[in-house]
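Worksheet: one structure, shown below.
No value in this document is a laboratory result; all are computed from the given coordinates. If you're wondering where the values come from, they're calculated on a predicted model, not measured in any experiment. Cβ sites come from the backbone with ideal geometry, for glycine too, and all protein chains shown count toward neighbours.
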Amino acid sequence: MDREELPFNRAQRTWAYKASKDENNTVAFGSTKDLRKTGAVLFINSPFPTLDEDAVHCNPLTIGKGCVIPFTTSALVGISAMSYGAISKPAVQALSMGAKQAGIWLNTGEGGLSPYHLEGGCDVVMQIGTAKNGVSDHKGRLDDSLLKEIAGHEAVRMFEIKLSQGAKPGKGGVLPGGKVTAEIAEIRNIPIGEDAISPNRHLDVSSNSELIDLINHVREVTGKPVGFKAVISDASWLDDLFGHIVERGIEFAPDFITVDSADGGTGAAPLALIDDMGMPLRESLPLLVDKLQQYGLRERICVIASGKLITPADVAWALCLGADFCVSARGFMFSLGCIQALQCNKNTCPTGITTHDPDLQKGLIPNSKKDRVAAYAKNLVYEVGTIAHSCGVKEPRGLRRHHARIVMDNSLSIPLDQLHPYNEH
């Protein structure tokens, strides 16, 4: 059936394909969504919805107000982390050009900043993974000169320190030496032809105090906003982290936190981790937002939500729970033509997105696919706005927990703010 397939069902993929092609996305007769299913989210329509003339696009939001070079953007969504190497050159080029066209950002992923990320002229978030690719010496130690060089690119707006990702928290990675070409080696600043090992955590970060030190060191060297990405499952960890920040002073806080869901995606991960490790976004996102509020850090730290957010309802729901921004990787992969072949880890992707086989890449033409990337982003945000206006707010970030309900085991729904009491963000 249209809504049974996993990881993404036919109804979700069809919406993404039509949005990326700028096609009419209306449907007829009635919903195929089971509104009685436990966990289903329903939005609360207002008797007085927002009029078109009163509706506004997302107001600009500044990340890192205290930085030498803060980042102000009116984007609501961004392209989540996908490394060059994990995805192909034409895929990165199309995403970069499409992001520029749509006015959104592109995250480099942990593989470092490539020329193809910069090629399109979009805003870029440089991710620093556990191997510190592109910003470390050959022994994995952070190299400030390389960090400054990357920060010198005007297009690089922020730095994201990756602690973990949704599909494989607690697991590093290996890029086989055969794939470490001269180009990849130059981008990552690693030896040619040798296995590239990503540890399961940053070797220089073994405590919250050291995490805060790293965040502030990168911010001091670059002058730009710095945050971290993590799968969040432990409330006591947040208590300890935020307690340290309050003790040191609010200026030591990260500028943003990207919270990734346990149902996030990846090119390759052990089944035990991809199936059973971590907490889904419906629990971790409100946990994070509530803890930020509890420690008086909510106004200081922006929240970015990640993990299976590919449709307008997904994004609107995350905004209700307290996110400031949402990012998606697989949604934008669908805009490039991904057919969910589940071959990302085999170098045999038939659409050319996750393969380096030139023959398989022939159908992925960046100058054509960039328009689909931009159209997907535009239509995603437009329909999030439609939901917001139906709820009676003027712009998407006006959504609150009382604007949504969740269906319980008895097939009846309750407001989200009864499950998660914090309601202001």
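Here the range 1-91 is treated with +1 on each Lys and Arg Cβ and -1 on each Asp and Glu Cβ, and its dipole about the Cα centre works out to around 400 debye.
In the range 55-154, which GluC sites (Glu not before Pro) fall in coil by DSSP and have 16 or fewer other Cβ atoms within 10 Å? Display every interim value, and only then the final one.
Numbers: sites: E110, E119, E149, E154; in loops: E110, E154.
Passing both the DSSP loop test and the Cβ count: E154.
Note on the chain: with charges restricted to the Cβ of Lys and Arg (+1) and Asp and Glu (-1), its dipole about the Cα centre is near 760 debye.
When L285, L214, L380 are sorted by how many other C-beta atoms sit within 10 angstrom of their C-beta, beginning with the fewest, the order is L214, L285, L380. Scalar couplings 3J(HN,Hα) for the range 300-317, obtained by applying the Karplus form with A = 6.51, B = -1.76, C = 1.60 to θ = phi - 60°, are 7, 10, 7, 10, 10, 9, 9, x, 6, 9, 10, 10, x, 5, 4, 5, 4, 4 Hz; x denotes Gly and Pro. Distance between the 7 Å Cα→Cβ label points at D144 and S74: 3.9 nm. Arranged from fewest to most other beta-carbon atoms within 10 Å of their beta carbon, I197, I304, I212 become I197, I212, I304. Using R0 = 35 Å, the C-beta based FRET efficiency linking E154 and E210 works out to 0.70. Note that the range 266-387 shows a convex hull volume over its alpha carbon atoms of 128 Å³ per residue. Close amide H pairs (under 5 Å, H built 1.01 Å from N) link K229 with I161, K162, L163, S164, T258, residues at least 5 positions away or on another chain. With contributions of -39500 (n - 2.57) from each DSSP H run of at least four residues, the per-residue ellipticity at 222 nm computed over the chain stands at -10000 deg cm²/dmol. Kindly provide the pair-distance distribution of the range 355-405 built from C-alpha pairs, with 10 Å bins from 0 and whole-percent values in order of increasing distance. Binned Cα distances yield the sequence 23, 29, 19, 16, 13, 0.
Of all lysines in the structure, those lying under 18 Å Cα to Cα from K394, and not within fewer than 8 positions of it along the same chain, are K378. For the listed residue pairs K21/K100; K148/K224; K18/K346, the alpha carbons are over 22 angstrom apart in K18/K346.
Quick check on the exposure proxy: order H244, H153, H403 from fewest to most C-beta atoms within 10 angstrom.
Least crowded to most crowded, the residues run H153, H244, H403.
Among the GluC sites (Glu not before Pro) within the range 1-93, those in coil by DSSP and having at most 12 neighbouring Cβ atoms inside 10 Å are E4, E23. For G134, the amide hydrogen comes within under 5 Å of the amide hydrogens of N189, counting only partners 5 or more places away or on other chains and with H modelled in the peptide plane. Considering only the Cα atoms of the chain, their convex hull presents on average a projected area of 19.9 nm². Taking chymotrypsin sites (Phe, Trp or Tyr not before Pro) across the range 6-60, the ones in a DSSP loop with at most 16 further Cβ atoms lying within 10 angstrom of their Cβ are F29. Once both labels are positioned 7 Å from their Cα atoms along Cα-to-Cβ, the gap between I197 and A55 label points is 5.4 nm.
A simple spin-label model places the labels of E186 and S46 5.4 nm from each other, with each point 7 Å out along Cα-to-Cβ. The slack between W237 and D137, meaning 0.36 nm per residue of separation minus the straight C-alpha distance, is 33.0 nm.
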